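Student: Just passing along the structure, written as C-alpha cells.
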Amino acid sequence: MTMDEPTPESNGHTRLAYILGVPLAPEIERQWPQMGEVVRGSKLIEEVEGNFPELTLEVGRRLRLDDNVIVAEWTCDCGDGRLYGNVTIAHKR
C-alpha cells in the first residue's frame, strides 16, 4: 500500500497515523532520535509533515505487540528516487 493522498486508515490526518494504522492522540509526542528532534501534538506533527509534499511511503508490515505497542516497517522516497527503510515504534502511555 502507498500513500500519496489520505486513505481511510489515516483518516486524512498524518503520515504517522497512516504508518501506524491508528489515529493519533492530540497529545502525541513524535521523536526523531537520529536528529534529536521532538514534536509534541498531533496538529504540530501535521504541520511538520506538510513540509514534505514530495514524500511518498509504503508500509511493509505492522506488528501489534500488545494493547500498548505497535511496530511498523515502512519505506519512503523523499522525492529524489532513493528509498529509505524505516521502523516506527509507538507506545501508548
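The values are calculated or read from the model by the stated rules, or taken from the named source; none is laboratory data. Just so you know, these numbers come straight off a predicted model, no measurement behind them. FYI the Cβ positions are ideal-geometry reconstructions off the backbone, even for glycines, and counts take in every protein chain you see.
Student: Could you check, for region 53-62, whether at least one of its residues is at pLDDT 85 or above, among the small types (Gly, Ala, Ser) and in contact with a helix residue (DSSP H, G or I) (Cβ under 8 Å, 6 or more places away or on another chain)?
Tutor: Checking region 53-62: not a single residue is at pLDDT 85 or above, among the small types (Gly, Ala, Ser) and in contact with a helix residue (DSSP H, G or I) (Cβ under 8 Å, 6 or more places away or on another chain).
Student: Of everything in region 14-29 that's of a type in the set (Gly, Ala, Ser) and not in a helix (DSSP H, G or I), which residue is farthest from ARG64 (Cα to Cα)?
Tutor: For region 14-29, the residue satisfying everything is ALA25.
Student: Let me ask you something else. Look at region 51-60 and say how many of its residues are over 12 Å from LEU20 (Cα atoms) and surrounded by 10 or more Cβ atoms within 10 Å (Cβ to Cβ). Reasoning before the result, please.
Tutor: Of all residues in region 51-60, those over 12 Å from LEU20 (Cα atoms) come to 51-57.
Add one more test, that the residue is surrounded by 10 or more Cβ atoms within 10 Å (Cβ to Cβ), and what stays is 52, 55-57.
So the count comes out to 4.
Student: To continue, here is another question. For region 30-93, which fully contained strands (runs of 3 or more DSSP E) count at least 2 residues that are in contact (Cβ under 8 Å) with a residue 12 or more places away in the chain?
Tutor: Ranges flagged: 56-64, 69-77, 83-91.
Student: Further question on the same structure: Could you run through region 61-88 and say how many residues are loosely packed, with under 15 Cβ neighbours inside 10 Å and either under 12 Å from the mean Cα position of the chain (by Cα) or not small (Gly, Ala, Ser) (or both)? Steps first, answer last, please.
Tutor: Here is the first cut: in region 61-88, the residues loosely packed, with under 15 Cβ neighbours inside 10 Å are 61, 63-69, 75, 78-87.
Narrowing the set further to residues that are either under 12 Å from the mean Cα position of the chain (by Cα) or not small (Gly, Ala, Ser) (or both) leaves 61, 63-69, 75, 78, 80, 82-84, 86-87.
Residues that pass the stated criteria total 16.
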